[in-house]
């Protein structure tokens with residue numbers, strides 16, 4: 001099997017409700033992953049794009065966290081409503097959705113100057 005064109009990880013980690021960081025699972029992470037998986041399937045990308053459930057990505061304070069590889073772009077606060085844009089712009093066309101990016105997770109080369 002050839003390497004994947006994109007690998008998408010969606011945090012579905014569950015934390016104690018008292019944890020100040022919150023947790024992605026309580027913010028509809030399962031639904032976000034399901035929508036992204038549906039979009040990949042509908043686009044006929046089996047074997048080219050994979051959408052997986054991830055454990056803790058340690059960015060829970062940013063809401064539902066999604067990471068897209070090979071670019072290693074980290075998104076935060078992703079909602080089901082954001083999935084179509086994220087999928088069409090980034091997964092299909094390689095253009096990160098800047099409004100959803102987690103600023104602190106940008107490569108140093110993008111945060112300098």
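Where a number appears in this text, it was derived from the coordinates with a stated rule and is not lab data. Since the model is a prediction, treat every value here as computed from it, not as a measurement.
Things to note:
- The alpha-carbon positions of the stretch 1-59 define a convex hull whose volume is 71 Å³ per residue.
- Over the chain, the reciprocal of the mean inverse Cα-Cα separation, the Kirkwood hydrodynamic radius, stands at 14.2 Å.
- Ellipticity at 222 nm from helices only: DSSP H runs of n ≥ 4 in the chain, each -39500 (n - 2.57), divided by the residue count, give -5000 deg cm²/dmol.
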